[in-house]
Amino acid sequence: MTRRFLFGLAAAAALVAQRIPPANFSGTIHGVSKKHIVLETAEGNLLDFDVNGQTRVLRAKAKISIDDLQTGDSVTIEAKQEPSSRQIFLLALTITVTEKPKD
């Protein structure tokens, strides 16, 4: 029993130690605050991202504030998975506002 527990603990530690590369998500902002952003994908799915002091927010190549984002803005979010004691969440690394196509 003790060996099985130690093996499980070692396997869990190995999984946490793995580096999962960041992923990109695109869609429109469904909701935004200083610490959280909700993205609505083209398929209509809602994805939640945490935002912290290291999150970069850009419009074109210019740095902007998270306060400059508005519901309905089209964005691309580069994010990584962050394990927590209770769950795995997505941390936004870079949020880039994309220009809407001109008619």
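What follows draws every value from the coordinates through simple rules; no lab data is involved. Predicted model only: the values in this text are computed from it and were never measured. A quick note on method: Cβ atoms are made from the backbone with ideal geometry, for glycine too, and the neighbour counts reach across all protein chains shown.
Things worth noting here:
- Electrostatic bookkeeping for L90 treats Lys and Arg as +1 and Asp and Glu as -1; over the other residues with beta carbon under 11 Å from its beta carbon, the sum is -3.
- Between T98 and S74, V75, T76, the built amide H atoms are under 5 Å apart, and every one of these is 5 or more places off in sequence or on another chain.
- Cross-link reach list, aspartates and glutamates versus K80, counting only Cα pairs under 18 Å and skipping chain neighbours closer than eight places: E40, D48, D50
- Count Lys and Arg as plus one, Asp and Glu as minus one, and take only other residues whose Cβ is under 14 Å from that of I37; the net charge is then -4.
- Full extension of the chain segment joining I20 with A42 gains 5.5 nm, where the gain is 0.36 nm per residue of separation less the Cα-Cα distance.
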